[in-house]
1. From 238, 273, 283, 279, grab the single residue that is within 30 Å of residue 327 (Cβ to Cβ) and at pLDDT 95 or above.
2. Looking only at segment 217-229, which residues are over 17 Å from the mean Cα position of the chain (by Cα) and surrounded by 16 or more Cβ atoms within 10 Å (Cβ to Cβ)?
3. Just give me the residues in segment 275-293 being surrounded by 12 or more Cβ atoms within 10 Å (Cβ to Cβ) and over 21 Å from the mean Cα position of the chain (by Cα), in sequence order.
4. Mind counting the residues in segment 141-150 that are part of a helix (DSSP H, G or I) and in contact with an Asp or Glu (Cβ under 9 Å, 6 or more places away or on another chain)?
5. Show the residue pairs meeting these rules: Cβ distance below 6 Å; 6+ apart or different chains; first residue within segment 109-120 and outside any helix (DSSP H, G or I); second residue surrounded by 13 or more Cβ atoms within 10 Å (Cβ to Cβ) and of a type in the set (S, T, N, Q).
6. Of all residues in segment 58-79 being touching a residue at least 40 places away in the same chain (Cβ under 8 Å) and part of a helix (DSSP H, G or I), which is nearest to the chain's Cα centre (by Cα)?
7. Quick check: is even one residue across segment 223-238 assigned to a strand (DSSP E or B), closer than 16 Å to residue 178 by Cβ and of a type in the set (Ser, Thr, Tyr)?
8. Conditions first: (1) in contact (Cβ under 8 Å) with a residue 60 or more places away in the chain; (2) closer than 17 Å to residue 222 by Cα; (3) buried (at least 22 other Cβ atoms within 10 Å of the Cβ). Residue 132 passes all but one, so which condition is the exception?
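The values are calculated or read from the model by the stated rules, or taken from the named source; none is laboratory data. Quick caveat: nothing in here was measured; it's all calculated off a predicted structure. We place every Cβ from the backbone using ideal geometry, glycine too, and count neighbours over all the protein chains shown.
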Amino acid sequence: MTDPRHRRAAIIGAGLMGRWHADAVTRIGGAVTVIVDPDGAARRALGARYPRAVLLPELDPERIARDATVAHVCTPGPTHVALIMALVEEGVHALVEKPFTDDAPSTRAVLASAERRGVKLCPVHQFLFQDGVQQMVEWLPTMGTLRRVEFSTCSAGATDDPVSQDALVAEILPHPLSLVAALLRAPVAEIGWQVVHPSAGEFRAVGSVGAAVIDVAISAHGRPTENTLRIVADGGTATADLFHGFAVRYAPTVSRAAKVLRPFSRAARDLSAATVNLARRTARAEAAYPGLRELVRAFYAATEAVGPAPITPDAIADVASARDTLIGQARLRRD
């Protein structure tokens with residue numbers, strides 16, 4: 001088994017997500033050894049936190065291969081394919097922020113290249129590794145027939161530009177697709193999706209798997225911001241707060257008394273779960289992006305051959321194909 005102290009990370013992209021990836025690496029016992037960013041101020045700012053790291057203004061795959069075991073690609077989506085391919089050619093494992101690549105063909109191409117070189121690749125679908133989502137997966141077999149899976153987000157991550165708003169939808173899409181695939185254990189690319197795209201930044205997709213209706217709603221305008229996952233089954237309902245990483249399960253009671261008391265009982269359960277979650281995250285010093293640290297830990301274990309791939313190549317390709325389908329349908333509606 002590889003000593004965690006030998007985990008050496010190259011952070012490619014020293015912005016917000018680069019900072020959180022670097023933090024996750026150190027929290028699992030690794031070290032940031034290389035920082036790459038053409039922006040000198042960003043590069044130096046992150047380098048000040050990790051003074052032993054080599055600072056590079058541009059990608060140097062050979063240097064990264066010499067000084068790091070894993071590269072964290074935290075750059076804009078259109079740069080990913082070229083970066084991943086360069087890293088793969090040098091035998092460097094890569095954890096890549098979403099979207100993994102621009103489309104399914106390029107995703108399949110980089111995965112094929114990685115397989116030939118024996119390199120591990122993984123997109124950052126950190127929601128899958130949150131405590132709340134993991135609880136949902138455990139609860140599902142005891143909840144009877146699943147009737148609905150609902151993902152809803154209202155994001156403030158876009159500008160007033162319509163192009164930016166639609167780009168935000170495309171960037172968010174891998175998250176609900178990966179969650180639906182994990183909950184249903186079914187390929188999301190095979191779902192017969194119906195898409196509504198009434199204006200820039202407003203998107204809804206509906207499909208079905210067995211008895212379950214799948215509903216994905218993304219808004220760049222709705223407020224307040226939210227990020228929730230909800231499952232409805234014959235044996236109850238569960239909701240996960242994806243911003244904070246916890247889930248609450250509600251009993252399937254139907255009595256008149258239960259209806260009267262429901263606002264109070266739900267509020268009590270929500271408060272209790274949120275309080276426990278806050279205490280747990282405080283103890284972990286997990287200020288943001290719950291699930292990221294556990295994904296990073298699982299990916300490093302996979303690169304060290306002491307654990308399975310946190311997200312398989314087939315699952316990565318499936319989400320990419322479904323994303324292409326949904327984006328394509330949204331463009332048809334808009335045109």
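1. Working: 273 fails: within 30 Å of residue 327 (Cβ to Cβ); 283 fails: within 30 Å of residue 327 (Cβ to Cβ); 279 fails: within 30 Å of residue 327 (Cβ to Cβ).
Exactly one residue qualifies, and that residue is 238.
2. Those that are over 17 Å from the mean Cα position of the chain (by Cα) and surrounded by 16 or more Cβ atoms within 10 Å (Cβ to Cβ): 219, 220, 222.
3. Passing the criteria: only 276.
4. Looking only at that region, the number is 0.
5. If the second residue must be surrounded by 13 or more Cβ atoms within 10 Å (Cβ to Cβ) and of a type in the set (S, T, N, Q), the pairs left are 120/303.
6. 77
7. Yes, segment 223-238 contains a residue that is assigned to a strand (DSSP E or B), closer than 16 Å to residue 178 by Cβ and of a type in the set (Ser, Thr, Tyr).
8. Condition not satisfied by residue 132: (2).
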